[in-house]
Amino acid sequence: MTADMPKQRFSGKGPTGLGDLVEAVTKATGIKAATEAVAKATGKDCGCAKRRDKLNKIFPFRGGTDGVQRNED
């Protein structure tokens, strides 16, 4: 991920952790829509939100205001 990625893909404030980044990638590739369609058809929750939150907690991004970690040597 680069610092020049559009922030609007991450709900306007940048990703807070790995879970947000994974969610953005799955949205961009269409995987999220397919997963939601299967979840709706089966009546079972896919667990995406819980997984996103857990990944954000385990692997948070630190650094600038946009959530991108930077080396400031």
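Each value in this text was obtained by applying a stated rule to the coordinates, not by laboratory testing. This one's a predicted model, so the numbers in the text were calculated from it and none came from an experiment. We place every Cβ from the backbone using ideal geometry, glycine too, and count neighbours over all the protein chains shown.
List of remarks:
- The H on the amide N of GLY17, modeled in the peptide plane, is under 5 Å from the matching H of PHE61, each at least 5 residues off or on a different chain.
- With the highest mean first, a sort of the peptides 34-42, 49-57 on other beta-carbon atoms found within 10 angstrom per residue produces 49-57, 34-42.
- In order along the stretch 25-38, the Karplus-derived 3J(HN,Hα) couplings, from 6.51 cos²θ - 1.76 cosθ + 1.60 at θ = phi - 60°, round to 5, 5, 5, 5, 8, x, 5, 4, 4, 5, 5, 5, 5, 5 Hz, and Gly and Pro are given as x.
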